[in-house]
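Quick notes on the structure that follows.
Each reported figure results from applying straightforward, stated rules to the coordinates on display, with no laboratory input. Everything numeric here is computed off the predicted structure, so don't read it as measured data. Cβ placement follows ideal geometry from the backbone for every residue including glycine, while neighbour counts extend to all protein chains displayed.
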Amino acid sequence: MRRRDLLKAAPILATSSLAAPALAQAQKPLRFVPQANLTSLDPIWTTAVITYNHAYMVYDTLYGYDGAGDMRPQMCEGHDLSADKLTWTFTLRDGLMFHDKQKVLARDCTQSILRWGSRDSFGQNLMRYVNEIVPIDDKRFSIRLKRPCPQLVFGLGGRQCFIMPERVAKGPGTEQLTDITGSGPFRFLKDEWVSGARCAYARFDGYVPRQEPPAFFAGGKVAHFERVEWLVQPDPSVAAAALQKNEVDWVELPLIDLCPMLKKSGGIEVKVPDPAGWLMFMVLNNLNSPLDNLKVRQAIQVALDQQAFLDAAIGDQKELGIVPTALFAPTMPMATTAGMDALTKPRNVALAKQMIAESGYKNEPVVLMAPSDQPALSQMSEVARELFQSIGLKVNYQAMDWGTVVTRRASQNPIDQGGWGAFITVMSPLTAANPGSMLPLRGNGRNGWFGWPTDERLEELRAAWFDAPDLATQKAIAAQVQMRYFETVPFLVLCRMQQPTAFRSDIKDMVFASFPVFWGMRRA
């Protein structure tokens with residue numbers, strides 16, 4: 001019996017290990033099962049989605065994406081742009097305070113932007129435009145440019161540019177933070193953090209929300225819960241059982257196979273928080289053999305069947321999948337069909353085998369890291385193993401938890417020194433919005449995101465997109481970027497899927513966004 005059929009036939013487990021301590025139950029915290037274990041607290045040092053989930057609770061941003069295509073002022077009251085478009089002057093709104101009760105000042109913002117810009121791929125490109133970023137007074141700061149930069153506000157609002165105290169943000173982006181003093185609606189209770197088990201957050205009473213309705217990552221971030229507890233549970237059946245028994249309030253990523261059953265359970269709602277869909281993609285290590293070989297990567301693309309990857313994750317719930325799909329989110333302006341025949345023409349395993357033989361492949365294993373505690377990624381990793389083997393590649397399949405993948409993926413070592421070959425992960429629609437925000441779409445080698453491809457032409461096109469003065473020019477360049485992607489295959493686009501979330505029906509006014517957010521919601 002296949003795993004999916006077995007899950008459908010089996011009842012949800014009657015017991016779970018997620019019951020909260022008696023004191024916490026009496027205080028009725030919000031009890032949340034995150035998608036993975038929280039291993040890093042620094043959203044500038046890592047791009048792990050679980051760390052972004054944490055960061056949106058703890059930190060605020062200068063601007064926020066509203067889900068309808070606009071970046072709206074968040075910590076900022078607004079900004080002025082000089083006539084020559086070279087000087088941006090930003091003004092902070094009143095009442096901003098850090099968790100240590102110190103006022104948020106302009107110099108905190110400038111230092112936070114600098115740290116973010118040293119590490120984030122979008123921010124690194126923005127810094128090419130910058131002459132200086134300086135505070136004017138306590139409430140105002142300016143960004144003075146060498147030439148106009150149309151994408152500046154998108155970077156500040158759409159690429160996790162979180163605001164930290166100046167003393168914290170002075171730490172280099174290459175080193176993880178230990179001081180988690182935030183600017184957002186919740187405080188991280190570091191003393192309660194037990195990696196692999198739980199962590200907790202308390203409402204920050206000093207946070208002053210905007211006086212407007214919440215929308216995605218923008219608007220008024222009103223925290224109604226005094227306390228939020230994250231309860232780690234890698235077994236999705238146990239997490240679903242805990243939700244049914246009202247031991248937890250919210251399961252971020254329920255196993256898709258169990259969603260039909262949860263929909264039929266009393267007191268539970270199952271919703272898709274971001275209909276644009278998450279991009280599922282495979283990171284390829286361009287430093288290590290055999291995936292450093294262009295012809296090997298092209299061969300994999302020739303045989304890749306997006307539908308097979310999608311089916312492995314969603315089964316017969318076809319409404320949750322989007323194929324064929326290419327780089328940029330279909331709801332975003334940069335979406336294009338340029339070069340899509342690389343994925344839509346008939347798959348050709350025989351040709352792929354021939355290409356592998358012609359590539360000079362020497363039977364080196366592809367070390368495939370498969371996250372065992374991420375069901376969709378684990379299921380797709382099995383498909384990837386079959387794909388590689390079908391075209392003549394040797395596979396070293398290594399199952400591990402997602403926290404281990406996040407740690408190990410930073411290694412640029414060769415295979416015999418703990419290096420790796422490939423892993424599957426996800427990208428939010430906002431990250432997959434354009435050539436600037438898409439993390440793996442770089443060609444700057446070891447200075448880039450995981451996978452580290454080198455492609456001067458891709459870097460040139462990406463820089464041209466940042467310079468583009470209008471939407472039509474941006475879209476034309478995005479099409480060229482996608483064509484270049486299909487030529488060089490720095491990573492593999494697998495499919496796009498809408499991942500449901502599940503929560504108790506007494507949790508009202510949930511704000512839906514690409515990442516789970518904890519403001520706005522309340523218990524009925």
>> Contact order normalised by length for segment 278-497, with contacts defined as Cα pairs under 8 Å and 6 or more residues apart; what percent is it?
In response: 37
> Under 20 Å Cα-Cα from LYS139, which lysines qualify once same-chain neighbours fewer than 8 residues away are excluded?
Replying inline: LYS101, LYS103, LYS170
>> Could you give me D for segment 137-218, from Stokes-Einstein at 20 °C and 1.002 mPa s, where the hydrodynamic radius is the Kirkwood radius over C-alpha pairs? Units µm² s⁻¹, please.
In response: 133
>> What FRET efficiency comes out for GLN354 versus ARG128 if R0 is 45 angstrom and r is the Cβ-Cβ distance? Round to the nearest 0.05.
In response: 0.60
>> Suppose each label sits 7 Å from its Cα in the direction of the beta carbon; what would the ASP191-ASN246 distance come out to in nanometres?
In response: 3.2
> For the chain, what does -39500 (n - 2.57) per DSSP helix run (n ≥ 4), summed and divided by total residues, give at 222 nm, in deg cm²/dmol to the nearest 500?
Replying inline: -8500 deg cm²/dmol
> When only C-alpha pairs under 8 Å and at least 6 residues apart count, what is the relative contact order of the chain, in percent?
Replying inline: 20
> Can you pull the percent of Cα pairs in segment 353-488 with separation above 22 Å?
Replying inline: 50
>> If the reach is capped at under 18 angstrom between alpha carbons, list the aspartates and glutamates near LYS475, excluding any in the same chain fewer than eight residues apart.
In response: ASP70, GLU459, GLU460, ASP467
> Using a basic spin-label model with each label point 7 Å from the Cα along Cα→Cβ, how many nm lie between ARG522 and GLU382?
Replying inline: 4.5
>> Below 8 Å, C-alpha to C-alpha, sequence gap of six or more: please give me the relative contact order for segment 417-524 in percent.
In response: 17
> Rounded if a/c is under 1.5, else prolate if a/b is larger than b/c, else oblate: which is segment 51-131, with a ≥ b ≥ c the root eigenvalues of its Cα gyration tensor?
Replying inline: rounded
> Straight-line reach from LYS295: which lysines have Cα under 18 Å away, leaving out those fewer than 8 places along the same chain?
Replying inline: LYS353, LYS362, LYS394
> How far is the Cα center of segment 349-369 from the Cα center of segment 239-299, in Å?
Replying inline: 29
>> Please report the antiparallel percentage of DSSP beta bridges with both residues in segment 278-497, rounded to the nearest 5.
In response: 60
> If r is the Cβ-Cβ distance from GLU319 to ILE136 and R0 is 51 Å, what FRET efficiency results, to the nearest 0.05?
Replying inline: 0.50
